[in-house]
1. If one takes the longest principal axis of the Cα atoms in the chain, at what angle in degrees, from 0 to 90 and to the nearest 10, does the Cα axis of helix 69-78 lie?
2. Debye calculation, C-alpha points only, no solvent: report log10 I(q)/I(0) for the chain at q = 0.17 Å⁻¹, in the same order as the q values.
3. Over all alpha-carbon pairs of segment 1-65, lay out the pair-distance distribution in 10 Å bins, whole %, shortest bin first.
4. So who's got an amide H within less than 5 Å of the one on Val24, skipping anything under 5 residues away but keeping other chains? H placed 1.01 Å off N, in plane.
5. With all protein chains present, calculate the accessible area of Val98 using a 1.4 Å probe and round the result to the nearest 10 Å².
6. For segment 70-117, what is the convex hull (Cα atoms) projected area averaged across all directions, in square nanometres?
7. Among Thr43, Gly121, Gln83, whose Cα sits farthest toward the positive end of the charge dipole of the chain (+1 at Cβ of Lys/Arg, -1 at Cβ of Asp/Glu, about the Cα centre)?
8. Could you give the dipole magnitude of segment 74-143 about its Cα centre, charging the beta-carbon of Lys and Arg +1 and that of Asp and Glu -1, in debye to the nearest 20?
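The values are calculated or read from the model by the stated rules, or taken from the named source; none is laboratory data. Just so we're clear, the structure is a prediction, and the values are computed from it rather than from any experiment. A quick note on method: Cβ atoms are made from the backbone with ideal geometry, for glycine too, and the neighbour counts reach across all protein chains shown. Just so you know, the surface numbers come from the protein's heavy atoms only, side chains and all, with ligands and any DNA or RNA stripped out. Shrake-Rupley method; radii C 1.70, N 1.55, O 1.52, S 1.80 Å.
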Amino acid sequence: MATSTYKTFLMHGTGSGSTFEKLVDIKEFPDLGGEPELLETTTLSDKMQTYILGLQSSNGMSFTCNYDSDDYDKLKALEGEEQSLSVWFGGTESSGTVTPTGSEGKFNFKGLLTVYVNGAGTNAVRDMTVYIAPSTTIDKVSE
């Protein structure tokens, strides 16, 4: 069954990193993994190239957000230190308030983040990007 991106959240570990709170509302999120490298195993007896899977690629992760001065300052304060982070799918809604639950998946990792304001033109929304360099694997956690 297909699911919507509605109720997708970028979460931040607090304290020891085992409790998470929403870091910032996001408009877009990146791939949560990548293709593995191919390691060539071809010999001179093979009539075509052969491969085995190597390490999985992991690129920097860009999350697009609406620019908000307070959120920008909060994110700037987190730069330079490894953070416990997670992308959560799923939440509840009550009286117009959406609360993250991760009921459809939680993808935990650690990384270093930076934030910058995106360029824009006439009649546009100001955006910012939270860019994260992952320092661990991105693992789906079960509860």
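1. 50
2. The calculated log intensity ratios at q = 0.17 Å⁻¹ are -0.99.
3. Each 10 Å bin holds this share of Cα pairs: 16, 26, 26, 16, 11, 4.
4. Leu10
5. 50
6. Approximately 4.5 nm², given one-decimal rounding.
7. Gly121
8. That gives segment 74-143 a dipole magnitude of about 160 debye.
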